[in-house]
Amino acid sequence: MIKSPHSCTLASAENTADLAQKIAGALCPGDCLLLEGPIGAGKTHFARHLIQSLQDIPEDVPSPTFTLVQTYEVPAGELWHADLYRLSSLDEVEELGLLAAFDTAITLVEWPDRLEEMAPQHALHLTFALDPDSEDARLLTLRWSDDRWQPLMEQVFS
């Protein structure tokens, strides 16, 4: 049985995309993924492939760095992709409608440290890091406290 946290190496961008697709298939409204890591670690790449795998007809998925939030309609419901890097205050989180989306949509949040205490307790945390031994590889650590994630993690990493 996998216990939180779980770490793995994603040897290539394709491995990151494959993991995103595996996780995407199990998501439903109310699920939140908090994507952490430095610039260039693979957060947006992961999010892009997760979103596209949920779309009936995959479309361009731009980074929400400047818009802060992009929303998508997918068969499972509404999906919100937020990039909080440019967030200047916690008040903006409420103005964006993100708190309500945590309950009603699938949410992917890059730079979730900006949420501070507003981060959903039930979220799956994915921390991406650059691998000093390989330019293409990423180190990934997954953490969760909600038992809801355990079966998915066992399926993905078995």
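Could you figure out which of (1) outside any helix (DSSP H, G or I); (2) among the aliphatic types (A, V, I, L, M); (3) without any contact (Cβ under 8 Å) to a residue 24 or more places away in the chain isn't true of Leu79?
All conditions pass for Leu79, except number (3).
Residues that are assigned to a strand (DSSP E or B), open to solvent by less than 10 Å² (accessible area, probe 1.4 Å), under 15 Å from Thr67 (Cα atoms) and in contact (Cβ under 8 Å) with a residue 12 or more places away in the chain: does the stretch 141-149 have at least one?
Scanning the stretch 141-149 turns up no residue that is assigned to a strand (DSSP E or B), open to solvent by less than 10 Å² (accessible area, probe 1.4 Å), under 15 Å from Thr67 (Cα atoms) and in contact (Cβ under 8 Å) with a residue 12 or more places away in the chain.
Suppose we keep only residues that are modelled with pLDDT under 95 and assigned to a loop (DSSP other than H, G, I, E, B) within the stretch 85-110. Which one would you say is surrounded by the fewest Cβ atoms within 10 Å (Cβ to Cβ)?
Ser88
Taking the residues in the stretch 65-84 that are aromatic (Phe, Trp, Tyr) and within 17 Å of the chain's Cα centre (by Cα) as candidates, determine which candidate is surrounded by the fewest Cβ atoms within 10 Å (Cβ to Cβ).
The selected residue is Tyr72.
Asp113 is checked against (1) within 14 Å of the chain's Cα centre (by Cα); (2) closer than 25 Å to Ser53 by Cβ and fails just one. What number does that condition carry?
(2)
Do we find that Ser53 is touching a helix residue (DSSP H, G or I) at 6+ places or on another chain (Cβ under 8 Å), open to solvent by less than 60 Å² (accessible area, probe 1.4 Å) and part of a loop (DSSP other than H, G, I, E, B) in this structure?
Spelling it out, it is not the case that Ser53 is touching a helix residue (DSSP H, G or I) at 6+ places or on another chain (Cβ under 8 Å), open to solvent by less than 60 Å² (accessible area, probe 1.4 Å) and part of a loop (DSSP other than H, G, I, E, B).
Scanning the stretch 131-140 for residues that are out of contact with any strand residue (DSSP E or B) (no Cβ under 7 Å at 6 or more places or on another chain) and part of a strand (DSSP E or B), which turns out least open to solvent (accessible area, probe 1.4 Å)?
Ser134
So which residues in the stretch 14-30 are closer than 23 Å to Asp147 by Cα, open to solvent by less than 50 Å² (accessible area, probe 1.4 Å) and over 10 Å from the mean Cα position of the chain (by Cα), if there are any at all?
Leu19, Ala26, Leu27, Gly30
The values are calculated or read from the model by the stated rules, or taken from the named source; none is laboratory data. The shown structure was predicted, so the numbers you read here are calculated from the model rather than taken from an experiment. FYI the Cβ positions are ideal-geometry reconstructions off the backbone, even for glycines, and counts take in every protein chain you see. All accessible areas refer to the heavy atoms of the entire protein, side chains included, with ligands and DNA or RNA removed. Shrake-Rupley method; radii C 1.70, N 1.55, O 1.52, S 1.80 Å.
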